[in-house]
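Have a look at the structure below before the remarks.
The values are calculated or read from the model by the stated rules, or taken from the named source; none is laboratory data. Keep in mind the model is a prediction, meaning the values are calculated, not measured. Cβ coordinates were reconstructed from backbone atoms using ideal geometry, including for glycine residues, and neighbour counts include every protein chain displayed.
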Amino acid sequence: MLQHSKEPSFRESVDLMFNRAVALMKLPAGLEEKIRVCNATYTVRFGVRLRGQIHTFTGYRSVHSEHMEPVKGGIRYSLGVNQDEVEALAALMTYKCALVDAPFGGSKGGLCIDPREYEEHELELITRRFAYELAKRDLIHPSQNVPAPDMGTGEREMAWIADQYARMNTTDINARACVTGKPINAGGIQGRVEATGRGVQYALQEFFRHPEDVAKTGLSGGLRGKRIIVQGLGNVGYHAAKFLSEEDGALITGIIERDGALVDEKGLNVEAVRSWIATHGGVKGYGDGTYVEQGNKVLESACDILIPAALEGVINMGNADRIKAPLIIEAANGPVTAGGDDILRDKGVVIIPDMYANAGGVTVSYFEWVKNLSHIRFGRMGRRQEEARHQLIVEELERLSKDKELGWTLSPDFKTKYLRGADELELVRSGLDDTMRVAYQAMREVWHARDDVQDLRTAAYLVSIGKVAASYRAKGL
């Protein structure tokens with residue numbers, strides 16, 4: 001077990017987990033260092049005239065690895081943004097993309113700003129200027145560096161960035177591919193907004209398909225009836241909680257937000273809580289469930305699955321020994337510190353790591369990037385042809401069903417369901433589901449095959465670092 005005299009920072013946590021994995025690999029020292037370090041970080045300070053005076057903002061764009069290009073990673077808006085955080089997130093993006101076979105290197109960006117303090121038109125001015133500063137240095141570019149939404153940003157900001165890039169590159173036919181996570185009418189793709197939360201759902205579904213893995217948690221059966229606590233009901237936490245409760249029959253027994261938490265062993269209505277937060281800015285005052293003012297204490301409540309879906313470092317050396325959940329899935333980036341991870345592993349808690357669990361966003365971003373480069377919507381060429389082929393089968397089945405000697409008929413809704421060709425959303429979900437299944441199977445194979453690999457996080461690092469190393473070797477390094 002690693003020993004820590006103090007709580008490791010997010011950057012230190014990533015490095016410690018990387019070091020734990022490479023200690024089990026036979027990489028040349030030079031290649032190991034090449035994979036570990038960040039290639040470059042650009043810091044920009046720019047001014048924007050707002051409310052009668054010039055305001056100066058600080059932003060970052062870090063490129064961790066260019067073993068594949070373009071590099072990929074979100075842009076977050078938060079007062080907590082700093083160079084170490086951005087570089088740690090860029091490193092995670094490298095490993096995440098490698099793990100799910102998205103053909104990107106890792107990058108990340110951030111702007112030190114609280115978006116809630118500004119009007120929409122002010123945010124647009126700030127975002128466009130930030131995009132200008134990055135794009136003129138090719139830190140936003142369809143073939144070099146492709147941002148996406150992250151904490152504090154969304155479709156709106158990505159549309160502004162895409163438009164700013166297009167204004168600066170008027171003859172670039174692939175301009176829309178400079179950023180992903182855009183609105184549909186600005187070149188986006190169906191299913192991108194829900195993608196990270198949907199990926200969390202698919203990750204849990206795949207985990208529960210393997211009874212041997214589920215047994216390590218002390219749980220049994222499937223997701224139906226499992227008690228889940230979600231920390232952070234933002235885009236990721238909301239969609240994960242919504243899909244798991246509505247489609248898999250899980251019970252959302254706790255929701256933790258900035259101003260406290262809600263607890264209800266019978267299960268909370270995710271849509272109703274989300275609507276209340278949108279109107280009132282927090283969970284306090286919500287009619288159902290029990291309100292807990294010290295929300296983070298609910299992280300330590302009894303449940304079957306804990307989903308930290310907000311900030312990094314919420315489970316750490318100070319509270320890890322009090323966590324009761326036997327299964328944690330990291331929907332956020334780095335919610336468990338390296339020190340907290342040591343304690344939880346010693347307790348036998350199974351952690352589905354962030355680089356896998358929240359890879360749904362970059363996976364669907366990859367699909368959007370491909371769509372933008374191909375200039376055609378998924379399903380447009382083949383959907384009706386698929387329906388026509390199905391029609392032939394249905395007509396033959398209908399003919400056979402009229403034979404009284406056979407004594408069978410088609411189910412009432414069979415024809416409608418079978419005839420319907422897959423649209424873009426269904427194709428995106430299918431591709432995401434396949435990606436999450438294949439990536440999990442790669443991790444668990446290492447997890448079960450090697451006696452020196454005790455957890456899924458180490459397995460994930462081994463798989464991803466191995467792929468990155470192979471890419472560098474192919475380049476001649």
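Just one of (1) surrounded by fewer than 15 Cβ atoms within 10 Å (Cβ to Cβ); (2) modelled with pLDDT of 80 or more; (3) outside any helix (DSSP H, G or I); (4) not β-branched (Val, Ile, Thr) fails for LEU392. It is (3).
Just one residue in the set ASP434, ASP403, ASP413, ASP423 is closer than 30 Å to ILE329 by Cβ, exposed (fewer than 15 other Cβ atoms within 10 Å of the Cβ), of a type in the set (D, E, K, R) and out of contact with any Gly (no Cβ under 7 Å at 6 or more places or on another chain); that residue is ASP434. For segment 359-393, which positions are within 18 Å of ASN235 (Cα to Cα) and touching a strand residue (DSSP E or B) at 6+ places or on another chain (Cβ under 9 Å)? Once the filter is applied, which keeps residues that are within 18 Å of ASN235 (Cα to Cα) and touching a strand residue (DSSP E or B) at 6+ places or on another chain (Cβ under 9 Å), segment 359-393 yields GLY361, VAL362, SER365. Return yes or no: is ALA203 among the hydrophobic types (A, V, I, L, M, F, W, C), in contact (Cβ under 8 Å) with a residue 12 or more places away in the chain and closer than 25 Å to SER65 by Cα? No; evaluated as a whole, the condition is false for this residue.
Starting from residues that are touching a residue at least 60 places away in the same chain (Cβ under 8 Å) and out of contact with any helix residue (DSSP H, G or I) (no Cβ under 8 Å at 6 or more places or on another chain), keep the ones in segment 115-129 and report whichever is surrounded by the most Cβ atoms within 10 Å (Cβ to Cβ). That would be ILE126. Within segment 270-291, if we keep just the residues that are touching an Asp or Glu at 6+ places or on another chain (Cβ under 7 Å) and assigned to a loop (DSSP other than H, G, I, E, B), the residue that is surrounded by the most Cβ atoms within 10 Å (Cβ to Cβ) turns out to be VAL283. Of all the numbered requirements in (1) of a type outside the set (Val, Ile, Thr); (2) in contact (Cβ under 8 Å) with a residue 24 or more places away in the chain; (3) within 25 Å of SER365 (Cβ to Cβ), SER430 misses one, and that requirement is (2). Exactly one residue out of ARG49, ARG36 is buried (at least 16 other Cβ atoms within 10 Å of the Cβ) and among the basic types (Lys, Arg): that is ARG36. Among the residues here, ILE351 qualifies as assigned to a strand (DSSP E or B) and β-branched (Val, Ile, Thr). Could you tell me whether any residue of segment 234-247 is in contact (Cβ under 8 Å) with a residue 24 or more places away in the chain and either over 21 Å from the mean Cα position of the chain (by Cα) or at positive phi (or both)? For segment 234-247, residues in contact (Cβ under 8 Å) with a residue 24 or more places away in the chain and either over 21 Å from the mean Cα position of the chain (by Cα) or at positive phi (or both): absent. Scanning segment 186-200 for residues that are within 16 Å of the chain's Cα centre (by Cα) and free of Cβ contacts under 8 Å to residues at least 60 places away in the same chain returns VAL193, GLU194.
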